[in-house]
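S.K.: Please see the structure below; I have some questions.
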Amino acid sequence: MAIVWRNEISVGNEEIDNQHKYLIDLINIIESAVNCDLFEDALSIYIDQLVSYTKVHFRQEIEIQKEISFPFIEHHQKAHQNLANQLEEIVSEFKKIGTSKTLKIDPSKSKTEGFKKPVDHLFLLLRDWIIHHILEEDMKMKDYFKEKDAK
Ligand SMILES: [Fe+2]
C-alpha cells in the first residue's frame, strides 16, 4: 500500500517537505517495481537512488538547520547516522531477495509463500523508516521554522 504525504507531516519548510515527498515517491515506486516484472532491474535502480538521495537529503537538512540556528544539530546528525545504518540493513535485505531465484514469482506457489511475505515485511520497515525520520526527528525543526518566519 502506498504512503501518502499529508499536511500533518509537513515540517514547515517547503524544500525539506519536497525532499520528503520525493523519498516517499521513491519508496512507493520501489513497491510498484516489486509488483511487476521489472522487479530486479528496477528495484536495484530505485533502491540505489533511494540510498544516494537519502545522503543528499540528510546533508541538505543539516545545512538548512545551520541556517535557522537549530540547536540540536549534533543529535540530529547522530539520528541521521542511525537512519542511514537502518536503511543499509533494509536495502541489503532487499538485494538478497532481489537476487534470490527462490523468491521470484512462482505461479505454483501462493504469493505469501514464495515472494510476497518477506518483501512486505521490508516495506513495513521502509515505511516505518521514513515516517520515523520525519515524525520523530525532523518535526523538531518545525518550531524553529515558525520562529524564523515570524521574524
Ligand atoms: Fe528529513
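FYI, it's all coordinate maths here, none of it is from the lab. Remember, predicted model here, so these are calculated numbers, not experimental data. Cβ atoms come from the backbone with ideal geometry, glycine included; neighbour counts cover every protein chain shown.
S.K.: Starting from the amide H of Phe70, placed 1.01 Å from N in the peptide plane, find each other amide H under 5 Å away whose residue is 5 or more places distant or on another chain.
M.R.: none
S.K.: Would you please put 80-89, 18-27 in order of how densely packed they are, using the mean number of other Cβ atoms within 10 angstrom per residue and starting with the highest? Don't jump to the answer; show the numbers that get you there.
M.R.: Numbers: 80-89: 14.2, 18-27: 17.5.
In descending order of packing, they fall as 18-27, 80-89.
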